[in-house]
1. Need the list of lysines near LYS381 for cross-linking: C-alpha distance under 20 angstrom, and skip anything on the same chain fewer than eight residues off.
2. Which value in nm describes the separation of the simple spin-label points at ASP309 and ASN50, placed 7 Å from the Cα toward the beta carbon?
3. Can you sort ARG338, ARG74 so the residue with the fewest Cβ neighbours within 10 Å comes first?
4. When N counts the residues of region 181-263, how does its alpha-carbon radius of gyration compare numerically with 2.2 N^0.38 Å, as a ratio?
5. Quick one: order ARG222, ARG276 by neighbouring beta-carbon count within 10 Å, fewest to most.
6. I want to check the label-to-label distance for HIS360 and CYS93. Put each point 7 Å from Cα in the C-beta direction and report it in nm to one decimal.
Amino acid sequence: MSITRHLMMTFTLAVGLCASLALSISPGVRAQDAPAYKVDGNWPKPLPLNWTIMGVTGMFVDTNDNVWVLNRPRDLDKTMNFATLIPPTAECCVPPPAVLEFNSEGDLLRSWGGPNYAPGWPASEHTIFVDKEGNVWLGGARSGDSLLKFTADGKFIADFGHRGPAAEQQEQQKQDNQQTSLLLRGVAAAELDETAHELYIADGYLNKRLIVYDSETGAFKRGWGAYGIPLDQIDNDPLPPRVPGAPPAKQFREPVHCVHISNDGLVYVCDRGGDRIQVFTKQGKYLKEFFVANNSGNNTAGSINFSPDPQQKYLYVADMMNSVVWILNRNDGSVAGRLGHAGHLPGQFHTLHVATADSHGNIYTGEVTTGERIQKFVPVK
């Protein structure tokens, strides 16, 4: 490990620990009301020889309770300089395919995908979901990325399109900033309303909005920004980092990182940079917002999922800043419980990016940067 990377890991871990300590005395945190969880150290089972999971940006549990994992194979080149550590002929730390499917026991069922696997493959893999027919949709967070549709075995079906122009990261914000443009410029997450044939997209790394298309024709239907403002009122210019305790911004802060639809038809949107979750009707009417660890710093509202009970009593929220999965009461956003804390041991997190749940209440998590792993947590009975 290089000295630079060692210092980076030490610093980021210290930041996470300090944030967690600060959070532990927050007046919004109370005794755990929700079920407690323990880590399943045997999930997943060992992967094929030399495979090393890279940054996990997307996870989804399908109707069979199989867990789909989207990781970024190219992260291997970003996180370590193996040329200086390992002889070029050595076989070590091979990134797996981008798409991995596991069953609830941890067996690897399928694996496919990666750079140049299909036309339009995303430059930065970021979100994945599976529809009721078993088709796999995945998308990317870079300008020029969109959504692709595959069979479960990885056969390419379609490119959803609406691509914004590709550009280097430092040039993205300099591109055309027309708020009413239908082009996607950084897909963070997507959700399919199969009954209405509508595709909800958190177009949130540059456009800072939620946008809805017809999932069969690709036709634009509607879209909105923070508090339900129309598309032409969205200001896509970057905002300064949020100051804890300051009044909430009238615009979403980038990235708008998740979208999820509840059983009762409400649309939940993560404003990760704003440390909040906003709730809308399907037509974009603003209803309420929850703040997540409001006094601890930025990037606390990374992803959400619902508990499996019919009422979906709880929200599971992946908090990158504090290395914890918050269990919130869905009706008012109050804290009902939590799991995990900063660290690299089983049951701990480092740069937690996503959390999801299956029909039995098991929680699955994915980490990026120096975390780069998946874990399973089971309810303590």
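1. LYS38, LYS313
2. 4.9
3. So the residues, fewest neighbours to most, are ARG74, ARG338.
4. 1.13
5. In increasing order of surrounding Cβ atoms, one gets ARG222, ARG276.
6. 3.4
Since every read-out is calculated from the coordinates, none of them should be taken as a lab result. Since this is a predicted model, take the numbers as computed values, not measurements. Heads up, the Cβs are rebuilt from the backbone with ideal geometry, glycines too, and the neighbour counts pull from every protein chain shown.
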